[in-house]
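Derivation of every value follows stated rules applied to the coordinates shown; laboratory data play no part. The model shown is predicted, which means the values in this text are computed figures rather than measured ones. Please note: Cβ atoms are built from the backbone with ideal geometry, for glycine as well, and neighbour counts cover all protein chains shown.
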Amino acid sequence: MKIESMTSPDIDALPRDTLVIVPVASLEQHSDHLPVLTDTLIAQECVDRLENRMGKQILMLPVMWLGYSQHHMRYAGTISASSETHLLVMFDIIASMASHGFTRYLIVNTHGGNEANIAVLLQRIMTDMEGIEVVACTPYGGPSEDETEAIQEAGKKGSSHAGETETSMILAIRPDWVRPERFHIDGQSAFPTVPGIKTYRRFDERTERGAIGDSRAGTAEKGERFFEACVDNLEQICIHIIEGSLYDINE
């Protein structure tokens, strides 16, 4: 079920333990060859396919295209929230639904830059909201993660930002928005060589052309396989939440 197509009385009639899907993404540069809407396009396709599989078991919210993308702001077309704004918007979305009595949520995130704020969001919800369960995930990892990794011919580093995985997925759904003549490998020296340290740097400091990975390995056929693997992950996570067996996933 998609909330935007429903009337207020229809939503009010739903069971309050209906699982609410909260997709979050971004509008940011994806190097020379992919559109700035890439993360949002991927999120939309994933949750649309998930809804086709699960129907009335889940209630889909619209994809939140405004993410935390300050590390991409040197590139034209990037639109970013501050950390504070991004955190508060996500919090207010869930608080609004919680005020209507809905108790279970799955945040589906397709942008790595959102992860830190989502972690703080989960902490904030734990301290400020009673009686609701909020779970966060990315489509790429979960019960079927091995299936996703098996498709990656360029490896994990080759499949990062605007690399093999995202390039393949956009080729599968919007090939007319892709510039294949600009495919390249980029950002392979962007990772710390000393174990255990953390840094946060702008993408223009880490890469030559705003990518981390190898877009040359992208194909539409792999993109379709990536989508199916991602939706397999999401469906299994949803089932565990609905059945109350979430904490048995790895047993």
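Remarks
- Two-decimal ratio, the range 66-117, of alpha-carbon radius of gyration to 2.2 N^0.38 Å: 1.31
- Loop GluC sites (Glu not before Pro), the range 1-84, which have at most 12 other Cβ atoms in a 10 Å radius of their Cβ (DSSP): none
- Amide hydrogen neighbours beyond the local backbone of K2, cut-off 5 Å, H modeled: M60
- Considering only Y140, Y75, Y200, the mean-square fluctuation computed in a Gaussian network model of the chain, springs between alpha carbons under 10 angstrom, is largest for Y200.
- Between T110, T127, T148, the residue with the greatest mean-square fluctuation in the GNM of the chain (Cα pairs under 10 Å linked by springs) is T127.
- DSSP finds beta bridges in the range 1-148, and of those with both partners inside it, around 10 percent are antiparallel.
- Taken over the C-alpha atoms, the range 128-187 has Rg and Dmax values of 15.9, 52 angstrom.
- Among beta bridges that DSSP assigns inside the chain, antiparallel share in %, nearest 5: 20
- In the chain, the DSSP-assigned H stretches of four residues or longer account for a calculated mean residue ellipticity at 222 nm of -12500 deg cm²/dmol, using -39500 (n - 2.57) per stretch and the full residue count as denominator.
- Ignoring the sites themselves, the chain has its longest run without trypsin sites (Lys or Arg not before Pro) in a DSSP loop having at most 14 other Cβ atoms within 10 Å at 75-197.
- Gyration tensor verdict on the range 63-169 (Cα atoms; rounded if a/c is under 1.5, prolate if a/b is larger than b/c, oblate otherwise): oblate
- Rounded to whole Å, sorted largest first: equivalent-ellipsoid semi-axes of the range 129-251, Cα gyration tensor: 29, 20, 13
- Per residue, the convex hull volume that the Cα atoms of the chain enclose (Å³): 137
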